[in-house]
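Asker: Got a structure for you, written out below as structure tokens; questions coming shortly.
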């Protein structure tokens, strides 16, 4: 490879426009089976729809957690807002001949996620009496609803009592339980409902469930309601099965809160009634159709089954955690639990957003809307710190306020996030060329981001504009001056604000370009980029300087990129987060060394996989999956490294893609607004 990375961009050509997913012998590529389920070493996989997340459990017919996006209250560590764990409305019990099944009394326990349909299926046998199959889905077309399908096959004559259980987590208070039946000539709807307050009383939360029976009206089993202590109640029915008989039914449930509607109690019940009367097959048809649309943008690796599984699992999780048409963003752990309190960091804009904006701009747009709707809070934050424009918090909650615990200095000082937000807004316009969006969303954001940085820089006696007293992306270096990544991002986003103004025929603020030109990127005497003014070569937590070459392109000369890589790669801590390794992979591949790129690519995910599904933890040996930030970085190594895709002012371009020897081909489907297919061999 010769010259800079910027000189080799060519516009993408259309190979094929993929409109559907063929169901073929390759279906095994879509399955993630749990390997050796051990309750003591179990990290669940999540089914989610961008609004609710249900995390699997090693216990039969249970889910570990139910997380509701957008609902926060102050509880737990740090005196800051935390995303709410809400009613577990997807749990079930099963009695067979008067005995409760549990983990100790079952055999042949298997769990498998079908990523194509976003469905988690669990199967097991209970003694010599029944075989059970249960499938759980967070319905893609119904954001607040989930469906559980149950199939019980009798091995001998027996009596079964399935139970739909509604439990409250400890964080909810003032729990009230309700049961009601709505009779109509053609149907009876049985509603199991719970309502509670969030820890401080800020929100009301409600969940409701109902059975869906296959029998004609009047022949369904009688349902009995039981109200128990410990914030739990249930609805159950009894059925006599003959040997060889299979009985099928479903449970549909919905959850809501005052973060989403003024009347969550009635809303949860109405949504459940709607889903129950849609019936199971209609629910599945629409759910599957929505996932088929999502998978029109896919990545296919020929020759490396493990990489294929890991990459598709990363895509599956990003698609599961985001939702088109919303104003919700992504936390580092998505909807897989309460990690990082559900807050939104730079993880979204720099790591998870780029794959989405290239493959699913409509999902990426929702992440940007989250920031746009919280500009008023960011403006107040800038004002409180003595600046103008918008200053986004390092950890953002539902309101967009700074939600970093006080003991973490990242809250007051990790200012590069405001540059990352502006950067993501311009890249959306680069990809979509949506000028109306630029006028109403993109430029208003970029203007205020640029104004913030003009007020934030300090002009030194050397005539340069310095950014002092910050924490860069390498958080182990606190309160430093002229951090490489921060300075590079600010230079970049100030230029983007100028371009946005020019696109709209608006006169840009002349200070933006003047300040950008005056911000230094420091170097050591040998020309290696210096991470900050006082950096002395110590171990670093994660990528900082190397981000100047990708994705920023501040450093574009190949010799300079290699020099920075040679210096900093050995200084990456093995305890650092997964996404740091993906940057090294992307850069080496883009410079022609696909084998070296592959080594770092594997390191970006393989050491971080935890049992039994191989979900990603933040660090090697970590215990906090699913780390969606790492998934975003790993996908960038594939899309922009091996695939060579590149976001430019002319749209999504492509430098020469290069594959490791192990890969026969790489196909990236559904790229950009034109849904192009790119093949690299």
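The values are calculated or read from the model by the stated rules, or taken from the named source; none is laboratory data. Nothing here was measured: the structure is a model prediction, and the numbers come from that model. Note that we place each Cβ from the backbone using ideal geometry, even for glycine, and neighbour counts take in every protein chain shown.
Asker: Which residues, taken from segment 258-302, are free of Cβ contacts under 8 Å to residues at least 24 places away in the same chain, buried (at least 18 other Cβ atoms within 10 Å of the Cβ) and within 17 Å of residue 48 (Cα to Cα)?
Answerer: none
Asker: Filter segment 1-55 down to residues that are assigned to a helix (DSSP H, G or I) and under 30 Å from residue 65 (Cα atoms) and give me whichever is modelled with the lowest pLDDT.
Answerer: 27
Asker: Right, another one. Go through segment 229-257 residue by residue and tally those that are surrounded by 18 or more Cβ atoms within 10 Å (Cβ to Cβ) and over 12 Å from residue 194 (Cα atoms).
Answerer: 9
Asker: Turning to a different aspect of this structure: Of these, 224, 182, 189, which one is surrounded by 13 or more Cβ atoms within 10 Å (Cβ to Cβ), within 22 Å of residue 149 (Cβ to Cβ) and touching a residue at least 24 places away in the same chain (Cβ under 8 Å)?
Answerer: Result: 189 is the single residue among 224, 182, 189 that is surrounded by 13 or more Cβ atoms within 10 Å (Cβ to Cβ), within 22 Å of residue 149 (Cβ to Cβ) and touching a residue at least 24 places away in the same chain (Cβ under 8 Å).
Asker: May I pose another question? Quick test for you: out of 121, 153, 148, pick the one residue that is buried (at least 21 other Cβ atoms within 10 Å of the Cβ), touching a strand residue (DSSP E or B) at 6+ places or on another chain (Cβ under 8 Å) and part of a strand (DSSP E or B).
Answerer: After applying the criteria, what remains is 148.
Asker: Out of segment 402-424, which residues are under 17 Å from residue 452 (Cβ atoms) and touching a residue at least 60 places away in the same chain (Cβ under 8 Å)?
Answerer: Answer for segment 402-424, where residues must be under 17 Å from residue 452 (Cβ atoms) and touching a residue at least 60 places away in the same chain (Cβ under 8 Å): 413, 414, 415, 416, 417, 419, 420, 421, 422, 423, 424.
Asker: Hey, another quick one. Which of the residues that make up segment 329-338 are modelled with pLDDT under 95 and either buried (at least 22 other Cβ atoms within 10 Å of the Cβ) or within 22 Å of residue 415 (Cα to Cα) (or both)?
Answerer: 337, the sole residue that qualifies.
Asker: Here's another thing I want to ask about it. Which strands (runs of 3 or more DSSP E) sit wholly inside segment 196-311 and have at least 1 residues that are farther than 30 Å from residue 157 by Cβ and out of contact with any helix residue (DSSP H, G or I) (no Cβ under 9 Å at 6 or more places or on another chain)?
Answerer: Of the strands (runs of 3 or more DSSP E) lying wholly inside segment 196-311, those with at least 1 residues that are farther than 30 Å from residue 157 by Cβ and out of contact with any helix residue (DSSP H, G or I) (no Cβ under 9 Å at 6 or more places or on another chain) span 223-228, 232-237.
Asker: Another question, if that's okay. Please specify each residue of segment 621-642 satisfying the condition of being over 18 Å from residue 347 (Cα atoms), touching a residue at least 40 places away in the same chain (Cβ under 8 Å) and assigned to a loop (DSSP other than H, G, I, E, B).
Answerer: Across segment 621-642, the qualifying residue is only 623.
Asker: Determine whether segment 317-328 contains at least one residue that is more than 23 Å from residue 606 (Cβ to Cβ), under 8 Å from the mean Cα position of the chain (by Cα) and modelled with pLDDT of 95 or more.
Answerer: Yes, because at least one residue in segment 317-328 is more than 23 Å from residue 606 (Cβ to Cβ), under 8 Å from the mean Cα position of the chain (by Cα) and modelled with pLDDT of 95 or more.
Asker: What is the number of the single condition among (1) surrounded by fewer than 19 Cβ atoms within 10 Å (Cβ to Cβ); (2) within 29 Å of residue 589 (Cα to Cα) that residue 478 does not meet?
Answerer: Status for residue 478: all satisfied but (2).
Asker: Also: Taking segment 39-81 as the search range and keeping residues that are under 17 Å from the mean Cα position of the chain (by Cα) and more than 23 Å from residue 149 (Cα to Cα), which one is surrounded by the most Cβ atoms within 10 Å (Cβ to Cβ)?
Answerer: 69
Asker: I'd like the residue in segment 647-677 that is under 19 Å from residue 427 (Cα atoms) and part of a loop (DSSP other than H, G, I, E, B) and, out of all such residues, is nearest to the chain's Cα centre (by Cα).
Answerer: For segment 647-677, the residue satisfying everything is 672.
Asker: Could I ask something else about it? In this structure, is residue 595 closer than 27 Å to residue 35 by Cα, surrounded by fewer than 20 Cβ atoms within 10 Å (Cβ to Cβ) and modelled with pLDDT of 95 or more?
Answerer: Answer is no for this residue.
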